[in-house]
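The values are calculated or read from the model by the stated rules, or taken from the named source; none is laboratory data. Given the structure is predicted, the values throughout are model-derived calculations rather than measurements. A quick note on method: Cβ atoms are made from the backbone with ideal geometry, for glycine too, and the neighbour counts reach across all protein chains shown. Each accessible area value is taken on the protein alone, full model and side chains, heavy atoms only, with ligands, DNA and RNA left out. Shrake-Rupley method; radii C 1.70, N 1.55, O 1.52, S 1.80 Å.
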Amino acid sequence: MGDLSALRPLWSARGVAVIGATDREGALGRLPLDFLQRYGYAAELVPVRPDGGRVAGLESYPSVVAARAAGREVDLAMIMVSAARVPGAVEDCIEAGVPVAIICSSGFAETGAEGAALQASVVARAREGGIRLLGPNCIGTVGVATGQVTSFSPLFSGEHTELVPGPIGFVSQSGALGYGAVSLAFARGLGLGWVVNTGNESDITSVEAMRAIAEEEGCRGILAYVESLTDLPGLRALTATGVPVAVLKAGRSDAGARAAASHTGALAAGDRVVDAALRQVGAVRVDDVEELLDVGDVMTCPRPGGRRVAVVTTSGGSGILAADAVEEHGLTLAALSDATTAALDEIVPAFGSSANPVDVTASVMSNGALFDRTLDVIAADDGVDAIVACFCVLTGQDVDDVVASLERVASHSGKPVLVARTGADHLAPEASRRMREAGIPSYPTPARAVRALAALCDFADAAPDAEADVAHPAPSTVRGAGTAASTPPAPAADASEAELKELLAAQGIPVPAGRFATDADDARAAVHECGGRAVLKAVVPGLVHKSDAGGVVVGVTAETAGAAFDRVVALGGRVWVEEQVEGGVEALVGFAPSPLGTVLTVGVGGVLTEVVADVALRVLPVARDEVGAMLDESRLGGLLAGVRGAPPSDRRALVDVVTRLCDVVADWPPGFELDLNPVTALPQGHGVRVLDAAYVPPEESP
């Protein structure tokens with residue numbers, strides 16, 4: 001990834017060349033020139049066509065090189081020719097010194113192997129020539145402030161289409177859906193400053209485009225629609241700037257993921273991994289275009305100091321719906337102080353409610369002074385972080401009065417105020433516009449207002465990941481505890497459980513004491529060495545799930561060791577004897593590859609792991625406090641706390657071990673899998689033990 005400022009011509013070019021321009025009205029090669037002139041783009045416009053002549057009233061040139069030789073400035077080219085002619089157009093741009101080009105043409109990776117090969121060759125030549133490429137299979141970009149509509153989307157040919165400027169960036173991998181969403185943003189009055197369709201993302205990715213937009217002066221938020229997501233470090237760098245980011249990631253279902261792959265020529269990451277990764281970096285994931293734009297409406301609001309919400313309503317029904325949504329979205333209905341409740345009792349009539357949700361009734365709302373007092377009292381409560389005001393059927397002067405009151409309290413308190421206005425637009429045609437001008441997001445239902453507020457709270461809570469805070473287990477007599485060495489190389493491809501445990505023990509990871517037994521008599525001796533009660537395990541190359549094959553015998557004593565040895569050795573491998581660890585809570589700790597990086601999985605372990613499927617995920621690197629949070633995202637956290645009279649387990653030791661494991665595997669070659677199940681957390685103060693371990697090496701490249 002190069003200098004992000006090099007992407008600025010995509011929305012702020014000093015000169016635009018359209019390669020493949022035509023004078024035929026309505027043709028794709030004509031539309032960008034028409035749009036650029038219609039929306040007031042004032043810099044250089046250079047049509048490029050082999051036979052010259054005028055295009056859309058502009059002088060054309062046979063090549064970009066010829067235009068540059070004639071003194072025309074070009075720092076962005078739109079390539080609108082057939083796929084077969086794209087390599088020549090890129091060569092022309094390289095020779096002319098154009099830094100960025102948009103390849104609008106289709107017929108590349110989205111069509112199959114032949115198209116993918118053509119795409120790869122074009123990108124390779126572009127990189128040699130020092131030019132960045134957006135697309136191919138791309139509808140273009142918009143710089144709203146300058147009228148730079150370097151796009152052929154039919155949106156901009158609409159009779160009533162107007163650009164609505166604002167501080168929000170919009171990046172979409174899909175062109176048609178993206179510009180459809182842009183039209184909806186403009187229709188609701190949500191102002192956008194920068195719009196980029198990335199298409200196949202052969203070079204410039206959606207994350208790069210978002211990061212470049214975030215560097216623009218005045219950018220207050222980024223909205224994105226993506227079909228593939230692989231650049232987690234870039235996304236982390238983006239959110240670390242403090243610019244809020246909301247992502248609509250397609251491909252939640254298996255069918256959707258397959259459609260996304262065929263659409264963009266890229267494979268989608270597992271959806272649960274995507275959820276975890278976006279949460280980790282502080283981006284908000286949304287479920288549809290409507291929610292994406294709803295979240296865009298709150299990006300310019302002040303950040304709340306917490307998640308405690310006061311609901312003010314003129315409708316008991318709206319208040320109930322808002323309260324339900326507050327709980328559903330992980331917010332808290334604010335507990336109003338005694339002083340606040342007493343002050344509200346003096347304002348709200350007896351048939352209303354001074355408890356949260358506060359039902360002020362229509363009589364208070366119709367009295368501007370009383371409504372102002374109500375809002376002031378609630379906003380002054382230190383236990384309130386945000387206000388959601390719910391109204392039904394606002395009409396006439398009520399709109400102006402309500403907007404004035406809400407604008408005043410939002411300005412004075414510095415707390416976000418959102419509105420749910422349930423009623424047809426024709427009842428108050430100017431209501432949405434007035435509220436938007438006052439900086440107050442409004443929604444047609446309480447649920448949508450609260451959902452948007454939850455996203456605003458998530459933005460406020462988001463912070464860059466801390467450096468990993470590794471805390472090693474305290475020294476003990478357990479093999480491996482307290483003996484951490486430098487980070488080891490990855491295990492051998494055919495590493496057995498015993499070899500894995502030796503490696504882990506050398507890194508301070510506690511494992512049970514054990515050794516190989518050579519015959520039945522030696523097995524009896526090994527059981528005695530393990531304290532008189534042991535587990536015998538088959539060590540057979542390729543056998544991962546030993547229990548399913550009868551390769552694990554528990555509760556073995558000296559008396560039963562011979563028979564247990566004969567049973568296990570019959571599977572064809574060696575026999576490992578280790579101390580039996582009694583009691584505790586069984587956890588799963590695993591590492592697996594994904595397009596976003598190595599994924600840590602922590603959750604309920606044991607033989608029912610796959611049935612229970614109760615785990616939390618994070619993409620490495622993972623800080624120690626995040627490991628602790630993962631325990632509480634599944635039922636594992638409750639089990640560790642002790643249930644039905646069981647003593648609390650050693651949660652701290654488990655966090656220590658998982659954190660250390662993250663450090664151990666950090667430099668292993670990507671693509672491996674490591675399954676530690678179970679990892680048993682013993683009662684408080686007694687640590688943990690890794691009871692089983694399996695390793696799958698990375699697949700060899702073909």
> Taking R0 as 56 Å, what's the FRET efficiency between residue 215 and residue 350 from their Cβ-Cβ distance, rounded to 0.05?
Replying inline: 0.50
> Karplus couplings for region 210-226 from phi (6.51 cos²θ - 1.76 cosθ + 1.60, θ = phi - 60°), rounded to Hz, Gly and Pro as x?
Replying inline: 4, 5, 5, 5, 4, 7, 6, 4, x, 5, 10, x, 10, 10, 9, 10, 10
>> For a quick check of your reading of the filter: which GluC sites (Glu not before Pro) in region 618-702 sit in a DSSP loop and have no more than 14 other Cβ atoms within 10 Å?
In response: 699, 700
> Which shape class applies to the chain: rounded if a/c is under 1.5, otherwise prolate when a/b exceeds b/c and oblate if not, where a ≥ b ≥ c are the square roots of the Cα gyration tensor eigenvalues?
Replying inline: oblate
> Given the rule -39500 (n - 2.57) for each run of at least 4 DSSP H residues, summed and divided by the residues of the chain, what is its mean residue ellipticity at 222 nm, to the nearest 500 deg cm²/dmol?
Replying inline: -10500 deg cm²/dmol
> At a 1.4 Å probe, what is the % contribution of carbon and sulfur to the accessible area of the chain?
Replying inline: 53
> In whole Å, what is the distance between the alpha-carbon centres of region 539-605 and region 369-402?
Replying inline: 62
>> At 1.4 Å probe radius, can you tell me the per residue accessible area of the chain in Å²?
In response: 41
>> With a cut-off of 8 Å between alpha carbons and a minimum separation of six or more residues, what is the relative contact order of region 607-702 in percent?
In response: 23
> Which ³J(HN,Hα) values, rounded to whole Hz and listed in residue order, are derived for region 182-189 from phi using the Karplus coefficients 6.51, -1.76 and 1.60 in 6.51 cos²θ - 1.76 cosθ + 1.60 with θ = phi - 60°, glycine and proline given as x?
Replying inline: 4, 4, 5, 4, 4, 5, 8, x
>> For a Förster distance of 45 Å, can you work out the FRET efficiency between the beta-carbons of residue 12 and residue 545, rounded to the nearest 0.05?
In response: 0.20
>> Could you tell me how far the Cα centroid of region 147-173 sits from the Cα centroid of region 46-123, in Å?
In response: 22
>> I need the chymotrypsin sites (Phe, Trp or Tyr not before Pro) found in region 321-399, filtered to DSSP loop residues with at most 10 other beta carbons within 10 Å of theirs.
In response: 351
> Fully extended, how many nm does the chain gain between residue 342 and residue 493 (0.36 nm per residue separation, minus their Cα-Cα distance)?
Replying inline: 47.3 nm
> Restricting attention to region 1-81, which GluC sites (Glu not before Pro) occupy a DSSP loop and are surrounded by at most 14 other Cβ atoms within 10 Å?
Replying inline: 25, 73
> In percent, how large is the relative contact order of the chain, given Cα pairs closer than 8 Å and 6 or more residues apart?
Replying inline: 8
> Over the heavy atoms of residue 307, what accessible area does a 1.4 Å probe trace out, to the nearest 10 Å²?
Replying inline: 60
>> Please compute the length gained on full extension between residue 560 and residue 528, using 0.36 nm multiplied by the number of residues separating them and subtracting their Cα-Cα distance.
In response: 10.3 nm
>> I'd like the antiparallel share, as a percent to the nearest 5, of DSSP beta bridges with both residues in region 1-69.
In response: 25
>> Using each residue's phi in region 397-409, evaluate 6.51 cos²θ - 1.76 cosθ + 1.60 at θ = phi - 60° and report the 3J(HN,Hα) Karplus result to the nearest Hz, with x for Gly and Pro.
In response: 5, 3, 4, 4, 5, 5, 4, 4, 5, 5, 4, 5, 5
>> Defining a contact as two alpha carbons under 8 Å apart and six or more residues distant in sequence, what relative contact order in percent does region 302-357 show?
In response: 41
> For the Cα atoms of the chain, what angle does the longest principal axis make with the long axis of helix 520-529, in degrees from 0 to 90, nearest 10?
Replying inline: 70
> In degrees from 0 to 90, rounded to the nearest 10, what is the angle of the helix 86-96 Cα long axis to the longest principal axis of the chain?
Replying inline: 70
> Residue farthest toward the positive end of the dipole of the chain, with Cβ of Lys/Arg at +1 and Asp/Glu at -1: which of 695, 685, 555?
Replying inline: 695
>> Taking R0 as 56 Å, what FRET efficiency do you get between residue 127 and residue 635 from their Cβ-Cβ distance, rounded to the nearest 0.05?
In response: 0.70
